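The values are calculated or read from the model by the stated rules, or taken from the named source; none is laboratory data. Computed from a predicted model, the values in this text were never measured in an experiment. All Cβ positions, glycine included, derive from the backbone under ideal geometry; neighbour counts span all protein chains shown.
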Amino acid sequence: MLETQIYSKDIFRRERYENGQLALFLDDQDGNELAELSIAFKSLLLGRDEIILRDFSDDLELAENLEHSGIISKTDRFVLIGSYVCPICEVLI
């Protein structure tokens, strides 16, 4: 289980996957990666600031904290990856 508190927006890192999709990472204050919050999925067209949010079924509060903290905004779109239904979200930072 990923146990983390979201303290400030400066611990989030934006990069691009090889397919051009946005990647979002959560780092600690020393720059060490704590979690990759997004998933690359090559056969899906996303907006410039959209990600596929990784499934955190073992830590459902993380997605809620990301949204309540103003980091992401859930869209009404989802994608099935394997057996997981993953939300497509807009990254607001």
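Computed quantities for the displayed model
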{"item": "Leu24 vs. criteria closer than 16 Å to Arg13 by Cα, among the hydrophobic types (A, V, I, L, M, F, W, C) and surrounded by 14 or more Cβ atoms within 10 Å (Cβ to Cβ)", "result": "yes"}
{"item": "Complete set of residues in the range 31-74 that are exposed (fewer than 12 other Cβ atoms within 10 Å of the Cβ), of a type in the set (A, V, I, L, M) and at pLDDT 90 or above", "result": "Leu45"}
{"item": "Qualifying residue in the range 61-70 (condition: aliphatic (A, V, I, L, M) and part of a strand (DSSP E or B))", "result": "no"}
{"item": "Residue match in the range 55-70 (condition: closer than 17 Å to Glu15 by Cα, without any contact (Cβ under 8 Å) to a residue 60 or more places away in the chain and in contact with a strand residue (DSSP E or B) (Cβ under 8 Å, 6 or more places away or on another chain))", "result": "no"}
{"item": "Of all residues in the range 17-53 being in a loop (DSSP other than H, G, I, E, B) and of a type in the set (A, V, I, L, M), the one that is nearest to the chain's Cα centre (by Cα)", "result": "Leu37"}
